[in-house]
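So the structure is just underneath, and the comments pick up after that.
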Amino acid sequence: MRRTSGGRPGRAGRRRRSFLVGGALLGAAVVMLLAAWRSTGFLSDLLLNLGASVVLAAISYVVFDPLFEEARRARVQEHLSFDRAAFVARLERSARLVRILDTWTILLEHRNRDETLAAVRAALAKGAKVQLLLLDPDCTAAQQRGEELERQRIDVPRQIRANLRHLAAFRRSLEPALRDRLQVRVYDASPSIQLYQWDARALISFFPIGKLSFNVPQLEVDMDSPWGGFVHARFEELWGQPQATLDLERYWSTTITLRHEDSDVVELPADFVTVDGQHYVDCRALRMAGPLTVRAQLPERARTAAPREYALVEPADGDRTPVARVARLFDQKYGPRDGGRTILRLVPQGADDGRVPGARSPAGA
């Protein structure tokens, strides 16, 4: 199947355009030659010469335009570093497709965020699809990238969580028509290529050891070139694998069903974090008065896709993961929350684990 980039015409479309322009020139030449045949004297000679020249120009256009187009697409421009302002300006003008593949993006850091999100909104309003693929902050690759940047004192998982928090808030602020065109996912794989695409062009770079990828040379390429085809394939490979990616909604919250004995009590969304293979939920919105269990469907990579039943256990200082670290991860993911949180750990039913909190029935149940 022939690939096109973000709705652009592709090679077949440009070939049709060449033939249409060539045909128009030939038509004009035929008109001139017919007029020369019906005329006499200087006017006839002039039209005859002009018609012949236009015929030659039409043939040359049809033959050489594809060659010039191929040369243009194969051209690679090198930039010394990532030009944030230039990319944001291009993003704002995009009308077909914007793609970002990165660990996290400096475009959403404090000094750049408002301008970037305004440009994203403008692109969405023009009909563009905006796809962001960021590294899963809870995966091993995020920890490894953090170790590579340790000398620069950059907490990679924290940077990613902040990006995702701002994207979640921005997505909620959009009207439904625009919200559907903004797609955000996290991926669990070794980061290899950085991609910033606007319509048919893109900036690509690689992840150097010990350096930020924004501070190394960037290659500006056409997405129909061999370089563009390579990064397109990498993006599609990650984006299309359900076992390697989670969409923002599934990363952001889970749905839990509170159960009393064998009966469901209430179903509600809950904030959650996963750390050291353990899952924690924020139950601050609930009042409990009786032994309860929880049925939850956690992200596939964390557990099975099918809902499982869990006991609710209060974290303790003696746990493998300190309580303070769990609370810090909640703040990184969702932002600080006034009034604190009621953090409980999910323990699979039947597991031999600590204390189950005293029962309480959810408010209004």
On full extension of the chain, what length is gained from D276 through L212, given 0.36 nm per residue of separation minus the C-alpha to C-alpha distance?
20.4 nm
Protein-only accessible surface order, largest first, of V273, V265 at 1.4 Å
V265, V273
FRET efficiency for E309 and A233 from the Cβ-Cβ distance with R0 = 45 Å, rounded to 0.05, comes out at 0.65
Dipole in debye (nearest 20) - region 76-150, about Cα centre, beta carbon charges: Lys, Arg +1; Asp, Glu -1:
700
Carbon and sulfur atoms account, in whole percent of the 1.4 Å probe accessible area of region 161-318, for 51
HN-Hα couplings for region 187-203 via Karplus (6.51, -1.76, 1.60; θ = phi - 60°), in whole Hz with x for Gly/Pro, come out as 10, 10, 6, 5, x, 10, 10, 9, 10, 10, 10, 10, 6, 8, 10, 7, 9
Excluding residues fewer than 8 places away in the same chain, name every one of the aspartates and glutamates whose C-alpha is closer than 19 Å to that of K126.
E92, D114, E115, E175, D180, D199
Any idea how far apart E147 and R93 come out in nm if each label point goes 7 Å out from Cα toward Cβ?
4.4
T245 accessible area, assembled protein chains, probe 1.4 Å, Å²:
10
Net charge near D262, counting Lys/Arg +1 and Asp/Glu -1 over other residues with Cβ under 13 Å of its Cβ?
-1
Set the Förster radius R0 to 25 Å, insert the Cβ-Cβ distance between A125 and Q183 as r into 1/(1 + (r/R0)^6), and round the FRET efficiency to 0.05.
0.95
Which value, in Å², gives the accessible area per residue of region 133-246 when a 1.4 Å probe is used on the protein heavy atoms?
43
Could you work out how far apart the two model spin labels at R172 and R295 are, taking each label as a point 7 Å from the Cα in the direction of the beta carbon, and quote it in nm?
2.7
Please work out the FRET efficiency for the pair Q243 and D264, using the Cβ-Cβ distance as r and a Förster radius of 30 Å; give the result to the nearest 0.05.
0.55
Once you order the gyration tensor axes a ≥ b ≥ c over the Cα atoms, which shape class does region 185-275 get: rounded for a/c under 1.5, otherwise prolate or oblate by comparing a/b with b/c?
prolate
Checking the cross-link filter: which lysines have an alpha carbon closer than 26 Å to that of K333, excluding same-chain neighbours under 8 positions apart?
K129, K211
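The values are calculated or read from the model by the stated rules, or taken from the named source; none is laboratory data. It should be emphasised that the depicted structure is a prediction, and the values quoted were computed from it without experimental measurement. Positions of Cβ are backbone-derived with ideal geometry, glycine not excepted, and every protein chain shown enters the neighbour counts. In case anyone asks, the SASA skips ligands and DNA or RNA and just uses the protein heavy atoms, side chains included. Shrake-Rupley method; radii C 1.70, N 1.55, O 1.52, S 1.80 Å.
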